[in-house]
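Read the structure below first, then the notes.
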Amino acid sequence: MKKAGIIMIIGSLLLLGLFKFPLWNIMLGAPQYPQPLGMDIYIQGIQGVEEFDIQNIDGINHYIGMKPIPKVEEMWEFDVFPKVIGLMVALGVIIGILGFLGKVSYKWFLGWFIVMSILGLLGMYDFNLWLIEYGTDLDPKAIMKLENPDGTPMTYKPPLIGYQKMLNFDVDSWPGAGAYMILTGMLLTVVAFFVGKKEYKKEYN
C-alpha cells in the first residue's frame, strides 16, 4: 500500500498548519470602525487581526460587561490542543509509514479519521461553550445594561459560524486557513483508505 501510505502521511502532516495559521476568525464591523476589528483564534492563543484589535475589542466589551479576551494561560485548551494535534500528526505519520511498508491494514487509515473527527467535534463543542460563556456571563456592574424587548438582559454570544447582527455591529465568524488545512488533511486520509483498499484487493485477488 505504498501510494495509500504516502497519501496518509501527507494528510496527517497538513495538520501542522494549525501551528502557523488561525483555526477560526471573528470580525466585528460597525459605522464607527471603518476598518473592522478582528481576532484570529489559533490552537495556541488568540491574536488580533491588526495590532490594536484585541485592545479595542476589550474596550468595547468593558462597557457592556463582557470579560476581556482570554490570555493563553487563562484557558487550558491552549495548552492541551497543541499536544493533541501533535500526537495525532505523529500517529498519522506512523500509520502511514507502516501502511507504506505493508505492516498495517488500510482500515487503520479510516480509524485515524474517525478518532480525529470525534476530537474535532469535541473541539467545536468546547469552542461553542466558550462563546456562550463569553457572551452571557456579564458583569452586573457594567456601564451599559441593555435589555431585550421582553425585559431579559441582552446577551452577546458571537455566532459559532456565519453572520449575526449584534447591536450596531456586524459579526462574522468563519473557519480560518488552519481549519481548511485540517479538513483537507482529514479528507486525504479518507482517500488513503479507499486507495489502500483498492491496492489490497489488487494484491490479494
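Where a number appears in this text, it was derived from the coordinates with a stated rule and is not lab data. Model, not experiment: these values are computed from the prediction. As a convention, Cβ positions derive from the backbone with ideal geometry for all residues, glycine included, and neighbour counts pool all protein chains shown.
Overview of results
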quantity: Convex hull volume per residue for the chain, taking Cα atoms only, in Å³; calculated: 126 Å³
quantity: Whole-number percent relative contact order across segment 121-205, with pairs defined as alpha carbons under 8 Å at least 6 apart; calculated: 18 percent
quantity: Given 16 as the ceiling on other Cβ atoms within 10 Å, longest exposed-site-free region of the chain for trypsin sites (Lys or Arg not before Pro) in DSSP loops; calculated: 146-205
quantity: DSSP loop chymotrypsin sites (Phe, Trp or Tyr not before Pro) with at most 14 other Cβ within 10 Å excluded, longest remaining stretch of the chain; calculated: 77-205
quantity: Length added when fully stretched, residue 72-residue 90, from 0.36 nm per residue minus Cα-Cα; calculated: 4.1 nm
quantity: GNM flexibility winner over the chain from 139, 40, 172 (Cα, springs under 10 Å); calculated: 139
quantity: In Å, descending, principal axis extents of the Cα set of segment 102-178; calculated: 65, 22, 21
quantity: Computed [θ] at 222 nm, deg cm²/dmol, the chain (DSSP H ≥ 4; -39,500 (n - 2.57); rounded to nearest 500); calculated: -18000 deg cm²/dmol
quantity: Nearest-ten-degree value, helix 53-64 long axis tilted from longest Cα axis of the chain; calculated: 50 degrees
quantity: For segment 1-16 and segment 185-205, distance of Cα centres in Å; calculated: 11 Å
